[in-house]
Structures are given as structure tokens and as C-alpha cells.
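Undergrad: This is the structure, below, for whatever I ask next.
The values are calculated or read from the model by the stated rules, or taken from the named source; none is laboratory data. Nothing here was measured: the structure is a model prediction, and the numbers come from that model. We place every Cβ from the backbone using ideal geometry, glycine too, and count neighbours over all the protein chains shown. Keep in mind that these areas ignore ligands, DNA and RNA; they rest on the heavy atoms of the full protein, side chains included. Shrake-Rupley method; radii C 1.70, N 1.55, O 1.52, S 1.80 Å.
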Amino acid sequence: MNPLRTQTGMPESEAAAEARRLIDNWASTPVRHHPTSFRDDTEPPTFGTNPPVPQPDQRIVPAWAAGIAVASIGVGAGTTGIGCCAWLVLQGLASVTLNGVLMATLPFAGLAMAATAIGGAISKARSATTKNVYEGPVNQHTEIHNTSHQRGMFSRTRNDIS
């Protein structure tokens, strides 16, 4: 018995008898079983007397889903167009001859040659001709200071040129 516990109640023999009575009462009641599924095995009629009921389609599509759908259609169409262009270019390149290549690149080569000539002329026209003439004596004075330190296997050399 716990001295801190001041709860008054029925004695243990009465509590055991009450518990036994509740358990027996619970055990004597029948258990109701609820079905978790139902299957109707009757055949549906092939036709009926009721007219068909209209069932309007009112699906709500989010804007982002519609955008992704439109974008995917656009990407697919674009990829198909690029594939067709590549096929046409490769079909054309399969039937290339040397004369055809030379005739096709001749305008580009001429244009590149003209652009190079114009760029060279502009470059020569913009370059200034400067002539510096120095008159007078020129003296050159050079001093070299070598400082060398050796300690162990490491050495350091410092050269000061002024």
C-alpha cells in the first residue's frame, strides 16, 4: 500500500469481481461483422428504358499543365522541323561535287578578300608616321650589386641592377 496515495475506492476483491463482470458481459455480446466489400453478380441489361443522360466534361486543367502541354507540342514540332532541315541539308551534301563547292564558296571568298583589302587600307591610313630624333649625348650608367647568402644546402642570390 502506498502512503502517498489517498484515493479511496473499492477493495481489491470488489474491483476484481467488477472487472470479471465487465469482461464476461463483453464476451457474451455477439460480434457484429461489417462487410468490407460487396460484389453484385447480376448481369447488367444490354439496353434499358431510360434515355442516356448527358455527362458534360468539366475537367479543370491548371494553367501550368496547359502551358507544359503547349510547350511540349511546340518543342516536338520544332524538333521535327529541325530534323527535316538536317535531312534536306545532308541529302544535298551527299550529292556535292568539287565544281559545286567552288561555285558556292566563290562569292564568300571574294567578299572575304575585299573585306581584308579594305581593312588593310584603313589600317595603313590610320597609322601615323612618327619620327623621333634625339640630339645630344647619351650616357648609360649601370651598377650591379650581387649579394649572396649561403646557409647549409640552401643558397640565396640577390642581384640589384640600377
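Undergrad: I'd like to know if the range 37-49 contains one or more residues that are of a type in the set (A, V, I, L, M, F, W, C) and open to solvent by less than 80 Å² (accessible area, probe 1.4 Å).
TA: Initially, the range 37-49 is screened for residues of a type in the set (A, V, I, L, M, F, W, C), giving 38, 47.
Among the residues that remain, those that are also open to solvent by less than 80 Å² (accessible area, probe 1.4 Å) are: none.
Within the range 37-49, not a single residue is of a type in the set (A, V, I, L, M, F, W, C) and open to solvent by less than 80 Å² (accessible area, probe 1.4 Å).
Undergrad: Taking the stated definitions as given, is R59 surrounded by 10 or more Cβ atoms within 10 Å (Cβ to Cβ) and either over 44 Å from the mean Cα position of the chain (by Cα) or part of a loop (DSSP other than H, G, I, E, B) (or both)?
TA: Taking the combined requirement at face value, the residue does not satisfy it.
Undergrad: A further question follows. What number goes with the only condition from (1) modelled with pLDDT of 90 or more; (2) not in a helix (DSSP H, G or I) that A71 does not pass?
TA: (2)
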